[in-house]
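Below you'll find the structure, written out as structure tokens, and then a few comments.
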Amino acid sequence: MQTKEIAHDQWQNFFSEFTHLHRGEKINVETLGSGQIGVCRQMSDLPLIGIVDAEPNAADEWIEIIAGGNEPSRTSHSIPHPTHVWVAEHETGRDLAVQVESTDGQVTMIRVA
């Protein structure tokens, strides 16, 4: 497995491509930090609809993860004020996980199931 950081100016392209490659695949989203003890599961085995870098280069930038089925069963998780994005890839190049850090120290892990 190899890990690489995605440059901030590439976040929109990265998340667009990630969404294109993994739309419909099940994801798990977990958070750690910001005074929490342990890992908090935000999403479990839900099909990915999309990941969006909203308001890039703005003071209130955030990353939105959207998953689930049709409108009533959709859910989302917002990551405010992201500072770093990493991707972990299998040796074959397949994405395994994305990690996002925020200014408040929270770490969000998006794993492709």
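Read-outs: derived from the displayed coordinates by stated rules, not from any lab. As the structure is a computational prediction, the values presented were derived from the model and not from experiment. For neighbour counting, all protein chains shown are included, and Cβ atoms are generated from backbone atoms with ideal geometry for every residue, glycine included.
Amide H to amide H, with H built 1.01 Å from N, E25 comes under 5 Å of L48, counting only residues 5 or more places away or on other chains. Only the Cβ atoms of Lys and Arg (+1) and of Asp and Glu (-1) were treated as charged; on that basis the dipole of the chain about its Cα centre amounts to roughly 420 debye. Here the spin labels are modelled as points 7 Å beyond Cα on the Cα-Cβ line, and at C40 and L21 they lie 2.9 nm apart. Between the listed residues T31, N57, L46, the Cα displaced farthest toward the positive end of the dipole of segment 20-77, a dipole computed from Cβ unit charges relative to the Cα centre, is found at L46. For segment 87-98, backbone phi angles converted through the Karplus equation (6.51, -1.76, 1.60; θ = phi - 60°) give residue-by-residue couplings of 10, 9, 10, 5, 4, 7, x, 6, 5, 10, 7, 10 Hz, Gly and Pro being listed as x. Taking 7 Å steps out from each Cα toward its Cβ at E64 and E89 produces label points 2.8 nm apart. Averaging the sequence gap over all C-alpha pairs within less than 8 Å and six or more residues apart, then dividing by the number of residues, gives segment 11-76 a relative contact order of 28 percent.
In a reduced charge model with +1 at each Lys and Arg Cβ and -1 at each Asp and Glu Cβ, segment 53-113 shows a dipole moment near 280 debye about its Cα centre.
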